[in-house]
Amino acid sequence: MRLGNLNRSRPVLLAPLAGVSDRPFRLLAGRAGAALTYTEMVSSEGIIRRQRRTLDLMRFGSDERPIGIQLFGANPEVMCRAARFVAENLNPDLIDINLGCPVKKVVRKSGGAAILKDLALTADLLGAAVDGASPLPVTAKIRTGWDDNSPVYIEVGQIAEKSGVKALTLHARSRAGGYGGEADWSAIKDLKEALGIPVIGNGDVFSASDAGRMFARTGCDAIMIGRAAIRNPLIFGHINHFLQTGALLPEPTARDKMDMALRHAALMAEQYGEERGTVRMRKYLGWYIRGFPGAGKLRPRLLQVDTIDDIRCIFDDYCLTDR
Ligand SMILES: Cc1cc2nc3c(=O)[nH]c(=O)nc-3n(C[C@H](O)[C@H](O)[C@H](O)COP(=O)(O)O)c2cc1C
């Protein structure tokens, strides 16, 4: 498999991001140049119970392909049924299994990163997902281990490969590592050397030059971007440009970011209606304006917007005000 039929060399993917990577955000990232996008993680239990909110998280349009739907859960039988449902009813380009989520709500039910503590369960869960999803490819996303004293990524990688998983993403931190410190890219290199399947490197790529460095240092087949895309979905275009030409594009200006935010707000309105879409947009607006001079004064106003016009007026005001 070529990572969701991607033929591009050195593809850059949008990470699954709970509460963030919905259809409008995926469209923005895809149009900017992300080679593959993912839904946020979706509960396998919720799928087999046909919970409405869960099913809504998985809807996507054909204009979003290639797309992966990410599932989490700790029960192999449930995972198998959920993967089958997804394959038969939604037919994404791939199904990704989350074995790395550190969030308490997920870990408490033994999902996400908790599975890394139980290698027999890891094998069962991945085997079940591969069976259920067939003929769709299954990929998995892991951290290095439960904590820094128990790295298991090589073993988990080998288990995944044996189970028929087609590519593995490594967020190069342990569960205990949260988002602190630096991601350990040497783990990505080790994993790449140990496995035959493609390895997707993830963790701390915040710029085009970081992306170039991650490819060069680890030999990974693709990279995945999370937090940097939240701040700037156009980063995919910048990275692709850099990887193809070796030249860095200028950083987006405040006006570029405002224009991007307005495009995003329009997609949100299309997806959810203007009222709900604008309310959902408020948190993204906070991210877009990070680092703007005077952002502290702008933020409370943006947290109250109800319409796209409100956003436009606040931005125009900002541009006209001397700071
Ligand atoms: C707001 C947020 C939501 C996330 N949701 C998910 C998720 O649903 N599934 C998942 O596998 N990882 C999730 N992650 C982790 C990211 O996919 C990624 O592994 C992590 O942010 C490291 O990449 P980065 O350094 O590029 O941000 C989330 C991260 C953030 C910041």
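The values are calculated or read from the model by the stated rules, or taken from the named source; none is laboratory data. Here the structure is a predicted model, which means the values were calculated and not measured. Here Cβ is always computed from backbone atoms with ideal geometry, including for glycine, and neighbour counts include all displayed protein chains. Surface accessibility is based on the protein's heavy atoms, side chains included, excluding ligands, DNA and RNA. Shrake-Rupley method; radii C 1.70, N 1.55, O 1.52, S 1.80 Å.
See the values below:
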read-out	value
Extension reserve of the K283-K104 stretch, reckoned as 0.36 nm per residue once the Cα distance is removed	62.2 nm
Inter-site label distance for E270 and R301 at 7 Å from Cα along Cβ, in nm	2.8 nm
Degrees, to the nearest 10: 23-32 long Cα axis against longest axis of the chain	80 degrees
Gaussian network model of the chain, Cα within-10 Å springs - most flexible of G180, G203, G219	G180
The chain - percent relative contact order, Cα under 8 Å, separation 6 or more	14 percent
Debye intensity ratio in log₁₀ form over the Cα atoms of segment 107-162, taken at each q of 0.28 Å⁻¹	-1.21
Rg/Rh ratio calculated on Cα atoms of segment 1-158 (Kirkwood radius)	0.95
At R0 = 56 Å, FRET efficiency that the Cβ-Cβ distance of A194 and L320 yields, to 0.05	0.50
Cα gyration tensor, segment 165-323 - rounded (a/c under 1.5), prolate or oblate	prolate
Helical mean residue ellipticity (222 nm; -39500 (n - 2.57) per DSSP H run of 4+; nearest 500) of the chain	-14500 deg cm²/dmol
Value of Rg/Rh across segment 254-320 [Cα atoms, Kirkwood radius]	0.93
Rough spin-label spacing in nm, given labels placed 7 Å along Cα→Cβ, for Q51 and E182	3.9 nm
Once the Cα gyration tensor of segment 5-70 is diagonalised, semi-axes √(5λ) in Å	23, 11, 10
Stretch gain in nm, segment E251-R59, where the contour uses 0.36 nm per residue and the Cα spacing is subtracted	65.8 nm
Residues of the chain: accessible area per residue with a 1.4 Å probe, Å²	44 Å²
Percent carbon-and-sulfur accessible area, the chain, ignoring ligands, DNA and RNA, probe 1.4 Å	48 percent
The chain: angle of helix 274-288 to the longest principal axis, Cα-based, in degrees nearest 10	90 degrees
Gain upon complete extension [S134, I154; 0.36 nm per residue less C-alpha separation]	4.7 nm
Phi-based couplings in Hz for segment 69-82 (Karplus 6.51, -1.76, 1.60; Gly and Pro marked x)	9, 9, 10, 10, x, 10, 10, x, 5, 5, 4, 4, 5, 5
Restraint check, K109/K189; K257/K283; K162/K189; K109/K283; K141/K283; K104/K189, Cα-Cα greater than 22 Å	K109/K189; K109/K283; K141/K283; K104/K189
Of all DSSP beta bridges in the chain, antiparallel share, percent nearest 5	5 percent
Largest-first principal axis extents, alpha carbons of the chain, Å	61, 44, 36
Cα gyration tensor category, rounded, prolate or oblate, for segment 173-230 with a/c compared to 1.5	oblate
